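The values are calculated or read from the model by the stated rules, or taken from the named source; none is laboratory data. Since this is a predicted model, take the numbers as computed values, not measurements. Counting neighbours? That spans all protein chains shown, and the Cβs are built from the backbone with ideal geometry, glycine included.
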Amino acid sequence: MNKLRTILLVCLVSVLAVGAVVNAEIKGYPVDIPGTNVNFFLYRYTGDEVPYDAIGQIWKNLSDVLVQWSSEGANPSALSPADVEVKIVGDVVGVYLKGQLIVEVDEFHATANHATRVQLATMWAENLKKGVEVFVELNQPR
């Protein structure tokens, strides 16, 4: 019985040590809504290289919607926080703005944030709503 306790204790300590090492290696890069200083979310990654291509794609997705709104006259009623939504399409949980996928919420980010993909998408969507509100306020015609 004492041997079994020792084995269980060693297993528990090993799992905790591995979990601490894995969590220590996760880094983050803030992704903001262009021109607002509002952080949308923290793009998590491991390793030494920031995944600029993936982050750049998210900024492109956002910019496409924002530039289109601007080129159509920047009407404040044509872009609002209500245009942000969480959608599940097949196995993809995503945050959308005016029907455009902005970012897919993957299991890596959900686990890193101690949430489900839908819970995390909801948090990111709330942040994006705040950013859209600020963006419209700063960029509407005066």
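The figures follow:
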read-out: Residue selected from segment 108-142 under the condition closer than 20 Å to GLY73 by Cα and aliphatic (A, V, I, L, M), by the criterion surrounded by the fewest Cβ atoms within 10 Å (Cβ to Cβ); value: LEU138
read-out: Odd one out for ASP32, checked against (1) at pLDDT below 95; (2) surrounded by fewer than 10 Cβ atoms within 10 Å (Cβ to Cβ); value: (2)
read-out: Residue satisfying condition, being crowded, with 17+ Cβ neighbours inside 10 Å and either at positive phi or out of contact with any helix residue (DSSP H, G or I) (no Cβ under 8 Å at 6 or more places or on another chain) (or both), within set VAL89, VAL65, VAL105; value: VAL65
read-out: Some residue of segment 94-101 being out of contact with any Ser or Thr (no Cβ under 9 Å at 6 or more places or on another chain), farther than 19 Å from TYR43 by Cβ, surrounded by fewer than 15 Cβ atoms within 10 Å (Cβ to Cβ) and not hydroxyl-bearing (Ser, Thr, Tyr); value: yes
read-out: Selection status of ALA125, touching a residue at least 12 places away in the same chain (Cβ under 8 Å), of a type in the set (A, V, I, L, M, F, W, C) and either within 15 Å of VAL38 (Cα to Cα) or not in a loop (DSSP other than H, G, I, E, B) (or both); value: yes
read-out: Neighbours by Cβ (under 6 Å, 6+ apart or cross-chain): first from segment 103-117, outside any helix (DSSP H, G or I); second surrounded by fewer than 16 Cβ atoms within 10 Å (Cβ to Cβ); value: GLU104/VAL92
